[in-house]
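Have a look at the structure below, then the notes.
The values are calculated or read from the model by the stated rules, or taken from the named source; none is laboratory data. Not measured: the values here are computed from a predicted model. Neighbour counts run over all protein chains shown; Cβ positions are idealised from the backbone, glycine included. Just the protein is used for accessible areas: all its heavy atoms, side chains included, with ligands, DNA and RNA removed. Shrake-Rupley method; radii C 1.70, N 1.55, O 1.52, S 1.80 Å.
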Amino acid sequence: MKKIILFFVIFVLFISCKKTYNLRNAKPASEQIVEDLYNKKIIFIGENHADIYPIIFMTEHLEEFYNAGLRYLFLEAIQTPPMDATKNYKFLIMPMWINAGWKYEEKLFFEKINEINKKYLNDPIRICFPEEGFEEKDYTYDIKGQSNLINNRDYYSQQNIINSLSSSQKNDKAIVFFGANHGYKINQLFYDYNWKALGVYLSDYYDDNFTNYKIDCFFPSRECDLLLAADENCFIVPENIKSELYGEEFLAAYNNLCITKQEKYGVSYSYIPIRNHANCLLEKIIDGEKKIGDFSRLTSVVPGSESFQFLLSIYYLKYYFDDLFIYNYFDNYNDLEKCINNLFELVTDNGYSNFWKKDWDITLLEEYSKYMYCYGLIDEYLTKPNIEVISYIINSMQHAKEIAPNNDIWPQYWIAYFKTDQAMYSEKKSDYKKALKEWEELFQNELLYVSPVLKLAYEKAALCEEKTGNIEKADYYRQKEIQVKFPFEFDYKEYVYFGW
């Protein structure tokens, strides 16, 4: 009986330690934004790239914002997103494990903009891309180079925003919808370097006529929970609770911190097999073939680079069309142009939709994206390895593998990759054998043979064989690695988003 009573006391104490914040009377973020549009000239609203709830939020409330005066909408993009399928339909391919934009759900947002502008033809929302014309190519892909890049991007953007609004009417209001960190009102660190963000410039220039918002998803834990009027909506965190949920830097950086319980991750355009997307991939490959000589001389690469887009376009074209795209980096690596022409003739003559490997489900792809993003841990690990996150990453990839569309290689690739790293930390032969089993499974997937990680997969498998004592098999994999013929050679330490 004493044991039962003791257990009950411990259980009650544990439950009572959980802190629950009551935000049921908190103000909806959309209402506060409407008020600010009436009273201020310009508002910054932060979006989160991988987590697309802010895009959904903007889509749902855009007409309310229009009625409150919104006439200028400044968007973060150096290359114009596919707003109109009849004009220059292009997108960037971004891996799901990188915290980057270019998600298919943006399309709904742009459709809403077009709907409003058709309704108010004589007084539309002006869509502006303040980074247009900015050149990224001169910046190196080390931390210092990327710091210079992001500082100069924001300096360039603020000039264009201020110039655009200088001739606007008094009652024309603006929203800047960029990644949240661009909206900081204070200087911040980009790794070890100072970053003067867009929000600093706008706050200094517009003073009380500027305000900013950051939208976060709250994840309940054993220690903390929130009570909201509606979990799917977004609310302003009250002043008396702010300091308990956020650190001093965020409190200084943002006027309005907003919270929701709706978690949703966007789908890269490359996972949606429609005609416009296939044409975009084809164009990237055709353009890339003309620049292979330039790609071979690259010393640094960013994810949006033409060389990166070229490599992944080949992969996703195979993902779309499977055996109809007869190409790999062994047998016919010199025949890319011929293979592309054969595919193009086939699908244009017979209709694209007749050849998709299978239908796509946006809800399932969003779930897949959630596991593949893995809260940014892969990207974080590749920048600063941390053994403690490996098990979590592998678990997330295993969930992704169960629902992987069209036999996509990436969940299995990262499982094999991180099991290899686990073995390197433990130095146990048994762990290398486990990793080797995962690589062997990956080698059964035909998509691997048009992927940019093919050589690295052989290199890692060779390492595992060597550590288990099978020198002959290790040499076999090293020979396979040598036989791989990419359109151009590259260093994985430059293309760090694939691992190394």
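Quick notes
- Among the residues of region 46-67, some residue qualifies, meaning at least one is over 30 Å from Ser268 (Cβ atoms) and either open to solvent by less than 10 Å² (accessible area, probe 1.4 Å) or at pLDDT 90 or above (or both).
- Check on Cys374, under 24 Å from Val453 (Cβ atoms), free of Cβ contacts under 8 Å to residues at least 24 places away in the same chain and either out of contact with any strand residue (DSSP E or B) (no Cβ under 7 Å at 6 or more places or on another chain) or crowded, with 16+ Cβ neighbours inside 10 Å (or both): no
- Qualifying residue in region 267-276 (condition: buried (at least 17 other Cβ atoms within 10 Å of the Cβ), under 30 Å from Leu189 (Cβ atoms) and not hydrophobic (A, V, I, L, M, F, W, C)): yes
- Long-range neighbours under 7 Å by Cβ, at least six apart or interchain, first residue of a type in the set (Gly, Ala, Ser) within region 483-500, second surrounded by 15 or more Cβ atoms within 10 Å (Cβ to Cβ): Gly499/Leu382; Gly499/Tyr417; Gly499/Leu456; Gly499/Tyr492
- Residues that are under 20 Å from the mean Cα position of the chain (by Cα), closer than 16 Å to Trp500 by Cβ and either free of Cβ contacts under 8 Å to residues at least 60 places away in the same chain or part of a loop (DSSP other than H, G, I, E, B) (or both), drawn from region 406-422: Tyr413
- Qualifying residue in region 435-447 (condition: open to solvent by less than 70 Å² (accessible area, probe 1.4 Å) and not in a helix (DSSP H, G or I)): yes
- Thr348 being over 18 Å from the mean Cα position of the chain (by Cα), of a type in the set (Ser, Thr, Tyr) and open to solvent by 10 Å² or more (accessible area, probe 1.4 Å): yes
- Residue check, Glu239 charged (D, E, K, R) and closer than 17 Å to Phe57 by Cβ: no
- Residues that are in a loop (DSSP other than H, G, I, E, B), under 23 Å from Ala100 (Cα atoms) and open to solvent by 40 Å² or more (accessible area, probe 1.4 Å), drawn from region 277-327: Leu298, Thr299
- Residue in region 448-472 that is nearest to Ser305 (Cα to Cα), counting only those that are among the aliphatic types (A, V, I, L, M) and open to solvent by 30 Å² or more (accessible area, probe 1.4 Å): Leu463
- Condition met for Phe250 (open to solvent by 10 Å² or more (accessible area, probe 1.4 Å), of a type in the set (Phe, Trp, Tyr), in contact (Cβ under 8 Å) with a residue 12 or more places away in the chain and not in a strand (DSSP E or B)): yes
- One residue from Asp421, Asp431, Asp475 being of a type outside the set (A, V, I, L, M, F, W, C), open to solvent by 10 Å² or more (accessible area, probe 1.4 Å) and within 26 Å of Asp142 (Cα to Cα): Asp421
- Condition check for Pro130 on (1) free of Cβ contacts under 8 Å to residues at least 24 places away in the same chain; (2) touching a helix residue (DSSP H, G or I) at 6+ places or on another chain (Cβ under 9 Å); (3) open to solvent by less than 60 Å² (accessible area, probe 1.4 Å): one failure, at (1).
- Here Ala457 does not qualify as over 29 Å from the mean Cα position of the chain (by Cα) and part of a helix (DSSP H, G or I).
- Filtering region 134-181 to residues that are part of a loop (DSSP other than H, G, I, E, B), of a type in the set (Ser, Thr, Tyr), within 25 Å of Phe210 (Cα to Cα) and open to solvent by 60 Å² or more (accessible area, probe 1.4 Å) leaves only Ser167.
- Any hit, region 388-409, residues being touching a strand residue (DSSP E or B) at 6+ places or on another chain (Cβ under 8 Å), farther than 29 Å from Leu336 by Cα and open to solvent by less than 60 Å² (accessible area, probe 1.4 Å): no
- When Ile482 is tested against (1) at pLDDT 95 or above; (2) surrounded by 16 or more Cβ atoms within 10 Å (Cβ to Cβ), just one condition goes unmet, and that condition is (2).
- Among the residues of region 28-45, those identified as more than 17 Å from Cys234 (Cα to Cα) and open to solvent by 10 Å² or more (accessible area, probe 1.4 Å) are Tyr38, Asn39, Lys40, Lys41.
- Thr140 falls short on exactly one of the conditions (1) of a type outside the set (Phe, Trp, Tyr); (2) in contact (Cβ under 8 Å) with a residue 40 or more places away in the chain; (3) in contact with a Pro (Cβ under 7 Å, 6 or more places away or on another chain), and that condition is (3).
- Tyr205 vs. criteria farther than 25 Å from Lys107 by Cα, touching a residue at least 24 places away in the same chain (Cβ under 8 Å) and open to solvent by 20 Å² or more (accessible area, probe 1.4 Å): yes
- Failed item in (1) closer than 30 Å to Lys433 by Cβ; (2) not in a loop (DSSP other than H, G, I, E, B), with Leu346 passing the rest: (1)
- Residue match in region 214-225 (condition: of a type in the set (D, E, K, R), in contact (Cβ under 8 Å) with a residue 24 or more places away in the chain, surrounded by 18 or more Cβ atoms within 10 Å (Cβ to Cβ) and in contact with a helix residue (DSSP H, G or I) (Cβ under 8 Å, 6 or more places away or on another chain)): yes
- Pairs linking a residue in region 423-449 that is in contact (Cβ under 8 Å) with a residue 12 or more places away in the chain and closer than 24 Å to Ile326 by Cβ to a residue that is in a loop (DSSP other than H, G, I, E, B) and open to solvent by 20 Å² or more (accessible area, probe 1.4 Å), with Cβ atoms under 8 Å and 6 or more positions apart or on different chains, are Glu446/Asn328; Tyr449/Asn328; Tyr449/Phe330.
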